[in-house]
Structures are given as C-alpha cells and as structure tokens.
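Everything on this sheet refers to the single structure shown next.
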Amino acid sequence: MKTNTTNFIVTIVLAIILSLFLPWWSIMTAALASALFVPLKRAAVFFVPFLAILLFWAVYSFILSSGNDYTLAKRIAVLLPLGGNPFILMLATGIVGGLAAGIAAIFGKQLSLALKKS
C-alpha cells in the first residue's frame, strides 16, 4: 500500500513539473518514470498512474475553465455528444489522460523487468 501512495504522489509531482515545459504527452513520461523507479504489482501498475493523471487533468481543466466561466468548455461539450455539460468534458479529458498514463506505466514496468533480466 505504501508503494501505491508513493507512486501516486511521484506521478502527480512529475506530471506537474514536466507539464510546465513539455506538451500534453509529458504525463506519459511521468507515468513511465514513476513505474520504472517505484515498482507496483499487478493491476496497480495501470490503475495508480491512471487515477493520478485523471485527478490531475480533471482538476487542472476545472481550474483553467473556471477562469472564464466555462465558456470554451461549454462550446466544446456541445460539439461532442456530451449534452453541453462542461463537467462531463472535464471528466472525459481526465479519462483520456489517465488511459495514456496507464499504458505508459505498463510499458515502464515491462522496461524495468527487461532491464532487471539483463
């Protein structure tokens, strides 16, 4: 349980730092690095970074959208089949980021196993 919490925190901190300098895919780099250096077991390899980035992107998109009264988020939610609800759009944004981070974390775990065998 301690490694799950450590990996969760490391993933969020790395994602915040890297997102200041790199594009959206920096979350995948953060998840890969955290899975490489903080080992997790079984399904936690996917779900811990998934939840970390889901939380990070959902909160970050909420903070950015609340500054302009959700104007752009409402317009994009109308274009997508979300019924014009900007909060569902924020959740969908978090899920997409979480999926990217989870897959990158699985790759990081596989890379750590391959390096350990060598």
**Report entry** From the coordinates shown, Kirkwood radius over Cα pairs in Å corresponds to which of [x] 14.7; [y] 15.9; [z] 14.2
**Finding:** [x]
Report summary line: If R0 = 25 Å, then M1 and W24, at their Cβ-Cβ distance, give a FRET efficiency to the nearest 0.05 of 0.25
Requested in this report: Any lysines with Cα under 23 Å of the K41 Cα? List them, leaving off those in the same chain fewer than 8 positions away.
Outcome: K2, K109, K116, K117
Query raised in the report: For the pair I76 and Q110, how long in nm is the line joining their label points, each one 7 Å along Cα→Cβ?
Result: 2.9 nm
Query raised in the report: Pulled fully out, how much extra length does the chain show between D69 and I103, if you take 0.36 nm times their separation in residues and subtract their Cα-Cα distance?
Result: 8.9 nm
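If Lys and Arg each add +1 and Asp and Glu each add -1, what is the summed charge of the other residues whose beta carbon sits under 15 Å from the beta carbon of F47?
+3
Read-outs throughout are calculated quantities, based only on the coordinates presented, and are distinct from any laboratory measurement. Just so you know, these numbers come straight off a predicted model, no measurement behind them. Positions of Cβ are backbone-derived with ideal geometry, glycine not excepted, and every protein chain shown enters the neighbour counts.
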